[in-house]
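Nothing in this text is a laboratory measurement; each read-out follows from the coordinates by a stated rule. Worth saying up front: this structure is predicted, and the values here are computed from it rather than measured. Glycine also receives a Cβ, built like all others from the backbone with ideal geometry; neighbour counts cover every protein chain displayed.
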Amino acid sequence: MEIDDDVYINKNLTMEGDFQRKKQPSRCVNVCLGLLCAILLAGNIAQIIYCNKNHLQISYNSLWKEKEQLKTSCNTLQKEKENLQTNCKIVCQTGWFKFDISCYFVSTLKKNWTLSRQDCITRGADLVSIDGMDEQEFVHGLLRTGQNAWIGLTDSLKEGTWMWVDGEPVTTSYWQPGQPNSYNGNQDCGEMVEKSGMGEWNDDGCFAEQIWICEK
């Protein structure tokens, strides 16, 4: 059977169009692919933003810690500066000995602990309070060989609880071995005992008479 040329050509064109449509993705597929790419791209951007945000937060926290450390260092340096300025301005009057930011007076008379303290107060001072090894060595160096001297140490308010006259608790002590022992239950005042090294403390009856050391 003979096929009309026009019919044959049209049929071939139709088949070729169908073939081309089958080879190319549909519009729906293109749209879906576009959306998928957009989602993936948005996810990557979000991840990048999240990572950058975390990095910035870590950097901020680190800078904040550095700021606080610098602030603390600055405060410490400021206090040291003030102490140095104060120390430089301190001039002890005649008969007083200077150490750090304090002046010390050693009596030549002998009195009981209460009267000794009263004498210090009339001089604008109080019996010495010792808060470290350097001061302990200095105060001990003010004594002559074999001397004992009253210091601002007492447990008269509560037996066994030793306090300085300014109300501060004793945090560092230099008691003789076995002291304080409150011998006969009547030793409520502290004294510096001259001894080789940096001296030691002993408890004694507040009624005993000996020299004393003032601090202001």
Tell me, VAL170, VAL128 in order of fewest to most beta-carbon neighbours within 10 Å? VAL170, VAL128
Once both labels are modelled 7 Å past Cα along the beta-carbon direction, what's the ASP166-SER73 spacing in nm? 3.0 nm
Would you mind computing, in nm to one decimal, how far apart the modelled labels at ARG144 and LEU157 are, each placed 7 Å from Cα along Cα→Cβ? 3.5 nm
Where in region 113-136 does the label zone of ALA208 land, with the point 7 angstrom along Cα→C-beta and an amide N cut-off under 15 Å? 113-114, 116
In region 96-215 the DSSP beta bridges are antiparallel at a rate, in percent to nearest 5, of 90 percent
Taking the beta-carbon count within 10 Å as an exposure proxy, list SER102, SER59 from fewest neighbours to most. SER59, SER102
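When the chain is fully extended, how far beyond the present Cα-Cα distance does LEU56 get from ASP126, taking 0.36 nm per residue of separation? Before the final figure, lay out the partial values.
Numbers: separation 70, 0.36 × 70 = 25.20 nm, distance 5.71 nm.
So the chain would gain 19.5 nm between LEU56 and ASP126.
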With a/c under 1.5 counting as rounded, go ahead and sort region 96-215 into rounded, prolate or oblate using the C-alpha gyration tensor (a ≥ b ≥ c being the square roots of the eigenvalues; past the cut-off, prolate if a/b is larger than b/c, else oblate). rounded
Which entries of LYS79/LYS110; LYS158/LYS195; LYS111/LYS158 show an alpha-carbon separation above 31 angstrom in the structure shown? LYS79/LYS110
With just the Cα atoms defining each centre, how far is region 90-147 from region 165-199? Give it in Å. 16 Å
If CYS120, CYS74 are placed from fewest to most neighbouring beta carbons inside 10 Å, the sequence is CYS74, CYS120
